[in-house]
């Protein structure tokens, strides 16, 4: 008799095409759906073009425009036209600018329990709220999935988190995932899929689960999985898609590799302090600090309840005079539903500044906070400088905590509103049916391959990738610490995002948050030495899926990164673009290397072919360090070819 399976195991087993389900071993799974957004999708479309693909082979692929919405010049507008034409050409759905944030819109319109999805956005795991196996990845991995290739990754362990009880008043789903971050920080769930189960699920609606699954990425988790149960059925029914529902529950007696439990009754309002989602404390510990901005919205708190509860809290009141109270509605459909109740009126009356539907301040696309002032946000990340202000002080919180600060002008435990305003916690009851708006979704034509792809002057072809050499003599251009994020490697914001389809231009911003002189020094090193390396501590390249954090340094001559450990997507992106992700065998060797040292790597090709460790000679200090790597046989071939595009082309030529 087969062993009982948890939901994660069922999802992987039903899609497994390569490898076996042994933790830390590489597996390949069939992908049913893909999600791309405009900040990363531009490269995905260019990669499909470079690979010679005519039409995608997934069940459904959707291209969203939700990041690069500000049109301060021609660049973003040109990208929107390019993406619309490319989506039609390759057979991809297109979500027009203003339609909404990709993850909640996809959940409403396309998500299907039991299906697999990969997205070129690190918060794609939000789809796990429906009982999907939804993973974030770099654009190249998504492009290959769209071309019908398996998605490869290391089989994770499964962390089973049992939920019991129900949430108290003034505590919501954001506090659940902040509690997880308080326990595990930003790297404690690396190599794991987090699966929630237990009777506490009955108190969490589908969009509550979306909040938790979305920010599972901040835990370092491969993805987050929920079962598909009656709550998911109810959600799909409200979206007029009940026929897409199938039940998907853990078998009786199913087990997990790791275990944890959250008693929902015991949770209190929590907040993540600057400048990490893992820097979580109780709101009471930081209460009283003056606040100058509150931002409501983003993919992390996208549900109607999240906006409605704030509208009820601020009803009949006005935001504090020192606070910029910003609202980013999730979607065009969300605005219509808010308009159908008093919620929109309540928010506007309270002084809310309504913005267009999209990621906006979450990705630094406007809404940058003032110098040295605190900004409270219902968003998923607060990495240094991500907001657009280099010395930002961004706190992450629930809608309830955000509303309390908007009224009082200081960080306030929302439970205190009962005394300050003699207010009772608003009781939310969802409508049986939402207003549905699909007018800004464009289905792909049948004969899209005859449609020309339109490219503006800012859109450049993918640069060719250099093949790995057997030996190098290179400078260490940067020495960095732990938890370096992709926002620090390649910053977000309105000044950088428009160059996502122009690698030469965006490379000028590589490591700008860490060292503004980096790109100039990298060019000099490429001219003198042929390239460079950088050194980092634990969890290098955490955060977003942006493959630009690998491509831009590669374009500037980066040969390798030497780190204590890596975040999953960042590590995979380095491999995809032929940047060697090396790790210290002896962690103390990290302390011996200094920025500016000249290092030598020899016999790289043979070391990789023989699966042997790499020897690094520090010529400046006359020392030798041993380095290792965790590449599969397939990835070794990719590295030897200089990246996955070269590997794909050579593989296909061999098969013809």
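The values are calculated or read from the model by the stated rules, or taken from the named source; none is laboratory data. This one's a predicted model, so the numbers in the text were calculated from it and none came from an experiment. Cβ atoms come from the backbone with ideal geometry, glycine included; neighbour counts cover every protein chain shown.
One table, with the values for the structure above:
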| read-out | value |
| --- | --- |
| Top-ranked residue of the stretch 582-607 - restricted to ones that are assigned to a helix (DSSP H, G or I) and touching a strand residue (DSSP E or B) at 6+ places or on another chain (Cβ under 8 Å), ranked as surrounded by the most Cβ atoms within 10 Å (Cβ to Cβ) | 604 |
| Output for the stretch 66-96, where each listed residue is assigned to a loop (DSSP other than H, G, I, E, B) and without any contact (Cβ under 8 Å) to a residue 60 or more places away in the chain | 71 |
| Any hit, the stretch 377-384, residues being surrounded by fewer than 19 Cβ atoms within 10 Å (Cβ to Cβ) and modelled with pLDDT of 90 or more | no |
| Per-region count, the stretch 1-19, residues without any contact (Cβ under 8 Å) to a residue 60 or more places away in the chain and surrounded by fewer than 16 Cβ atoms within 10 Å (Cβ to Cβ) | 4 |
| Set 427, 401, 412: member being in contact (Cβ under 8 Å) with a residue 40 or more places away in the chain, over 17 Å from residue 491 (Cβ atoms) and not in a helix (DSSP H, G or I) | 412 |
| Meets criteria (surrounded by 24 or more Cβ atoms within 10 Å (Cβ to Cβ), in contact with a strand residue (DSSP E or B) (Cβ under 6 Å, 6 or more places away or on another chain) and on the phi < 0 side of the Ramachandran plot) for residue 155 | no |
| Residue within the stretch 161-177 that is buried (at least 20 other Cβ atoms within 10 Å of the Cβ) and within 30 Å of residue 550 (Cβ to Cβ) present | yes |
| Residue match in the stretch 474-487 (condition: over 19 Å from residue 569 (Cβ atoms) and more than 29 Å from the chain's Cα centre (by Cα)) | yes |
| Tabulated pairs, the stretch 159-173, first on the phi > 0 side of the Ramachandran plot and not assigned by TED's automatic domain parsing to the domain that holds residue 398, second buried (at least 24 other Cβ atoms within 10 Å of the Cβ) and outside any loop (DSSP other than H, G, I, E, B), C-beta under 6 angstrom, 6+ apart or interchain | 170/400; 170/414 |
| Enumerated strands (runs of 3 or more DSSP E) restricted to the stretch 181-279, each holding at least 2 residues that are surrounded by 20 or more Cβ atoms within 10 Å (Cβ to Cβ) and in contact with a helix residue (DSSP H, G or I) (Cβ under 7 Å, 6 or more places away or on another chain) | 192-197, 223-225, 270-272 |
| Those residues of the stretch 366-386 which are in a strand (DSSP E or B) and either within 17 Å of residue 177 (Cβ to Cβ) or touching a helix residue (DSSP H, G or I) at 6+ places or on another chain (Cβ under 7 Å) (or both), in sequence order | 376, 377 |
| Residue in the stretch 637-648 that is in a loop (DSSP other than H, G, I, E, B), at pLDDT 90 or above and within 32 Å of the chain's Cα centre (by Cα) present | no |
| Looking only at the stretch 48-75, and only at residues there that are buried (at least 24 other Cβ atoms within 10 Å of the Cβ) and at pLDDT below 95, the one that is nearest to residue 15 (Cα to Cα) | 48 |
| Every residue from the stretch 76-99 that is crowded, with 22+ Cβ neighbours inside 10 Å, out of contact with any helix residue (DSSP H, G or I) (no Cβ under 6 Å at 6 or more places or on another chain) and within 30 Å of residue 433 (Cβ to Cβ) | 87, 92, 95 |
| Residue satisfying condition, being modelled with pLDDT of 95 or more, closer than 30 Å to residue 235 by Cα and more than 27 Å from the chain's Cα centre (by Cα), within set 404, 431 | 404 |
| Condition check for residue 299: assigned to a loop (DSSP other than H, G, I, E, B), out of contact with any helix residue (DSSP H, G or I) (no Cβ under 8 Å at 6 or more places or on another chain) and at pLDDT below 95 | no |
